[in-house]
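Visitor: A single structure is presented below for examination.
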Amino acid sequence: MKYLILLFTVVLFYTSAQGQQPVPVKPRILVSTDIGGSDPDDNQSMAHLLMYSDLFNIEGLVSSPSYGGGSKEEILRMIGLYEKDYPKLIQHDKNLNTPDYLRSVTKQGHRGISPFAGYSKPTEGSDWIVKCARKKSNQPLWVLIWGGLEDLAQALHDAPDIKSKIKVYWIGGPNKIWGANSYVYIVKNFPDLWFIENNASYRGFFSNTGSSDKFNSKNYFGNFIQNAGALGFDFDKNRYQGNVKMGDTPSLLYMMDGNPNDPARENWGGSFEKMSRSPRYIIRKPTTNKDTAHVYSILEFHFEGPKLNIPADSACFTLTIKAGDRLQKWNGYYMGNGDYAVNYAHKQKEDITYTVTSNIPGFKAQSGALVIDNVWPGKPTANDFKLGSTWYTDKSAPELFDGGWQGAVTVRKWREAMLADWAKRWAWLK
């Protein structure tokens, strides 16, 4: 009996320890974020990054707001808060990055959504991605993307040679809605890029399924963050009133735990499987509620209209999507020869309706409906984008769903271990 208890204890310890393993080398990272935009969870993730900056070679912090008022000034504001807490933090870890260094690598990227082509003009941020990627190093540059893909697409367009020098971890899902054009450019032109497309697994980080009261997202602030320095005050002031979300943090956790070159292994930042194609539906006539598309897929709408003498890729009509009580409007583009097109991707299972309108004389208003299912990537279709052997996404095993979110258990299972570790650093500020 004693032997069985000992064996069980050893197995339990081994299993628990598998989530976090030593990282072979300190990784080179560049973070692209839409911080300051529509969702303040980027501020929470930025606070986490700053407090763990000793674990990374941070080469860039790029503001890439597809939507909302995000800018590099918000990154700089967060660094200013970190600077106030820095004297206490370095008493415990002298390897934390200095505020001045972090300011020196903060850059402004693309503001807004790219045109249908998926790229436009170089930015300070996209140029910085190229510069960092081209540094002589035996390590890849890990590009961690917390928003749209605009600056990554621009960097790849301007410097295709960096493809072999970078590895990408993207928090997709809702960000795929805003970054659909840039996503299409990348999968079309760089299908063999090393790329983790995390559309749903990240949701495991703010799931309270099976959570203890101490680490519940509503209680964590009061238990560990409250009264902990300037970063702690800011966490409460405007970031979900202290409720922990941090949907972008799994990209950092992935770099903190074991060998990041193996996406299939157990990892704080999730575990992923290969995908050989990215679903695309080309829609040339209005759909109905009898038509179905897979969640996260690219919906490429085409409409016929007047032939115009305007530059191709000009924004000239509006696609309005209604889902539940949400209404969102998207620019559509003229492709030439009377062809009008718009890319869209939907973030969750639900029924949607849409309308297409324009002020162009002779452009016929249209409407339609579509059922979005919860299958990803699903069965192949003729129009799917073919991918190389290094594109990864959320694991599809049914037991790894948390509610309707594919792969979320691969992140959720390590959530409390990570939050317990972070609590130790918050204690440094008290």
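Visitor: Quick check: anything in the stretch 104-125 over 26 Å from Tyr67 (Cβ atoms) and of a type in the set (Lys, Arg)?
Guide: Going through the stretch 104-125, the residues over 26 Å from Tyr67 (Cβ atoms) turn out to be 104.
From what's left, of a type in the set (Lys, Arg): none.
Checking the stretch 104-125: not a single residue is over 26 Å from Tyr67 (Cβ atoms) and of a type in the set (Lys, Arg).
Visitor: Could you tell me which of the residues Lys424, Lys379 is surrounded by fewer than 17 Cβ atoms within 10 Å (Cβ to Cβ), farther than 21 Å from Asn267 by Cα and out of contact with any Phe, Trp or Tyr (no Cβ under 8 Å at 6 or more places or on another chain)? Talk me through it step by step, then tell me what you get.
Guide: Working: Lys424 fails: farther than 21 Å from Asn267 by Cα.
After applying the criteria, what remains is Lys379.
So that you can scan it fast, the table gives a plain yes or no per residue for (1) among the aromatic types (Phe, Trp, Tyr); (2) surrounded by fewer than 18 Cβ atoms within 10 Å (Cβ to Cβ); (3) at pLDDT 95 or above; (4) part of a helix (DSSP H, G or I):
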residue: Ser66; (1), (2), (3), (4): no, no, no, no
residue: Gly69; (1), (2), (3), (4): no, yes, no, no
residue: Lys84; (1), (2), (3), (4): no, yes, yes, yes
residue: Pro87; (1), (2), (3), (4): no, yes, yes, yes
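Visitor: Looking only at the stretch 191-231, how many residues end up being over 17 Å from Thr249 (Cβ atoms) and polar (S, T, N, Q)?
Guide: Residues meeting the conditions: 6.
Visitor: State which residue pairs qualify: first residue buried (at least 18 other Cβ atoms within 10 Å of the Cβ) and inside the stretch 95-119, second residue in a loop (DSSP other than H, G, I, E, B) and at pLDDT 95 or above in any location, beta carbons under 6 Å apart, and separation of 6 or more residues or different chains.
Guide: The qualifying pairs are Leu96/Ile90; Gly109/Thr123; His110/Thr123; Ser114/Ser120.
Each row is one residue, and each column tells you yes or no for (1) loosely packed, with under 15 Cβ neighbours inside 10 Å; (2) under 19 Å from Trp142 (Cβ atoms); (3) in the same structural domain as Glu416 (by TED's automatic domain parsing); (4) among the aliphatic types (A, V, I, L, M).
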site: Val31; (1), (2), (3), (4): no, yes, yes, yes
site: Gly37; (1), (2), (3), (4): no, no, yes, no
site: Asn57; (1), (2), (3), (4): no, yes, yes, no
site: Glu74; (1), (2), (3), (4): no, no, yes, no
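Visitor: For the subset of the stretch 146-198 comprising residues that are polar (S, T, N, Q) and surrounded by 24 or more Cβ atoms within 10 Å (Cβ to Cβ), which member is farthest from the chain's Cα centre (by Cα)? Break it down stepwise before answering.
Guide: Quick first cut of the stretch 146-198, residues polar (S, T, N, Q) only: 154, 164, 175, 181-182, 189, 198.
Among the residues that remain, those that are also surrounded by 24 or more Cβ atoms within 10 Å (Cβ to Cβ) are: 154, 175, 181-182, 198.
Values: Gln154: 17, Asn175: 6, Asn181: 15, Ser182: 13, Asn198: 7 Å.
Only one residue fits best here, namely Gln154.
Visitor: Only one residue in Ile225, Ile196 is in contact with a strand residue (DSSP E or B) (Cβ under 8 Å, 6 or more places away or on another chain) and among the aliphatic types (A, V, I, L, M). Which one?
Guide: Values: Ile225 fails: in contact with a strand residue (DSSP E or B) (Cβ under 8 Å, 6 or more places away or on another chain).
Only one candidate passes the filter, namely Ile196.
Here's the yes/no breakdown for (1) closer than 29 Å to Gly404 by Cβ; (2) modelled with pLDDT of 95 or more; (3) in contact with a Pro (Cβ under 6 Å, 6 or more places away or on another chain); (4) assigned to a loop (DSSP other than H, G, I, E, B):
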position: Ser182; (1), (2), (3), (4): yes, yes, no, no
position: Tyr202; (1), (2), (3), (4): yes, yes, yes, no
position: Phe205; (1), (2), (3), (4): yes, yes, yes, no
position: Thr209; (1), (2), (3), (4): yes, yes, no, yes
position: Lys214; (1), (2), (3), (4): yes, yes, no, no
position: Asn227; (1), (2), (3), (4): no, no, no, yes
position: Leu231; (1), (2), (3), (4): no, yes, no, no
position: Phe235; (1), (2), (3), (4): yes, no, no, no
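Visitor: Applying the selection to the stretch 121-145, what residues are among the acidic types (Asp, Glu) and either buried (at least 22 other Cβ atoms within 10 Å of the Cβ) or under 19 Å from the mean Cα position of the chain (by Cα) (or both)? Steps first, please.
Guide: Here is the first cut: in the stretch 121-145, the residues among the acidic types (Asp, Glu) are 124, 127.
Across the stretch 121-145, there are no qualifying residues.
The values are calculated or read from the model by the stated rules, or taken from the named source; none is laboratory data. None of the values given here were measured: they were computed from a predicted structure. Please note: Cβ atoms are built from the backbone with ideal geometry, for glycine as well, and neighbour counts cover all protein chains shown.
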